[in-house]
Amino acid sequence: MGSEHTQERPISVLVVDDNAIIRLGVRAALENSEEIASVLDTPNLAEAVEIVRRGETDAVLLDVRLAGSNGLDALPDLVEHASVLMLTHTDDPGSLGTAMARGASGYVVHGALGPRGIVAALRTCVAGGTVFAGLPVPWTPPEPRTVTPRATGTEGVTQQTEESRTARRTEGRGTPRRLTGREREVIEAIAQGLTNREIARRLFVTEKTVKNYVNNVFGKLGVSSRGEAIVCWLATRDSAA
């Protein structure tokens with residue numbers, strides 16, 4: 001039996017990385033795959049946003065640290081038009097949590113996947129799944145941190161880090177206590193990177209049924225993306241056990 005992807009159309013990919021060797025190397029590797037229709041590349045975030053807005057790509061491979069900018073800042077604009085898979089050397093929990101909270105479909109550390117693995121990961125993201133590779137295991141969202149400014153004229157005022165803001169965005173959302181047993185199985189499978197089709201096979205239900213469960217989970221957790229759902233689920237499941 002062939003791969004489940006063989007009947008799906010090839011996808012278009014945009015590689016965003018300021019390191020020309022990495023960017024062009026990834027592009028060359030992807031262009032050798034029959035599952036990839038086209039590959040564009042750019043070291044510039046503004047250009048990346050313009051490309052996805054024109055509808056020229058299905059998925060984006062995005063680095064975190066770019067010259068003079070941060071890939072995470074462009075995520076809200078990019079995810080409106082394409083699936084975004086982070087491909088970076090940065091494996092710190094703060095960047096991971098921010099990426100997922102801002103709508104990334106997955107997070108892969110350089111070297112964790114070969115060319116075929118990256119293609120499969122892109123396929124999974126475009127299909128609505130989530131992919132993690134090369135990260136510390138197990139991963140949970142970072143704890144909120146606060147920093148008190150020094151000699152800025154605002155002594156006594158607490159500044160929130162991005163992790164703290166991310167944590168606050170999850171306050172008031174639903175918790176795993178409100179999820180049914182089946183809904184817990186579905187969100188756990190999503191956190192493992194499974195697509196709706198793969199979840200349906202695991203649970204012996206139709207893909208439409210899985211979509212209904214996913215919608216129910218999103219509603220109960222108060223989220224609108226799989227990335228946000230994963231962050232909320234991992235942040236609260238242990239305390240709700």
Problem set entry | Net charge over other residues, Cβ less than 14 angstrom from the Cβ of Arg23 (K, R count +1; D, E count -1) | -4
Problem set entry | Packing rank of 16-27, 103-114, where each peptide gets the mean count of other beta carbons within 10 Å, highest leading | 103-114, 16-27
For this session: Please list, in chain and number order, the residues 5+ apart from Asp41 or on another chain whose amide H is under 5 Å from its amide H, with Hs placed from the backbone.
Result: Val15
Exercise. If we count other beta carbons within 10 Å of each Cβ, what is the order of Asp58, Asp91, fewest first?
Worked result: Asp91, Asp58
Seminar exercise, completed: With x for Gly and Pro, the residue-by-residue ³J(HN,Hα) of the range 74-87, computed from phi through the Karplus equation 6.51 cos²θ - 1.76 cosθ + 1.60 at θ = phi - 60° and given in whole Hz, is 8, 4, x, 6, 5, 6, 5, 10, 7, 6, 10, 10, 6, 10
Problem set entry | Positive minus negative residues near Val13 (Lys, Arg vs Asp, Glu; Cβ under 11 Å) | -3
Exercise. Whose amide H sits under 5 Å from the amide H of Gly106, counting only residues 5 or more places off or on another chain, with H placed in the peptide plane?
Worked result: Met86, Val131
For this session: Using θ = phi - 60° and the Karplus relation 6.51 cos²θ - 1.76 cosθ + 1.60, list the HN-Hα couplings for the range 39-48 in order, rounded to whole Hz, with x at every Gly or Pro.
Result: 9, 10, 8, 7, x, 10, 5, 4, 5, 4
Exercise. Taking a spot 7 Å from the Cα of Arg184 along the direction of its beta carbon, which residues of the range 205-235 have an amide N less than 16 Å from it?
Worked result: 217, 221, 233-235
Exercise. So what are the ³J(HN,Hα) numbers for the range 230-235, from phi and the Karplus equation (6.51, -1.76, 1.60; θ = phi - 60°), rounded to whole Hz, Gly and Pro as x?
Worked result: 5, 4, 5, 5, 5, 6
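Throughout, read-outs are computed from the coordinates displayed, never taken from laboratory work. Here the structure is a predicted model, which means the values were calculated and not measured. Quick reminder, even Gly has a Cβ in these numbers, built from the backbone with ideal geometry, and neighbours come from all protein chains shown.
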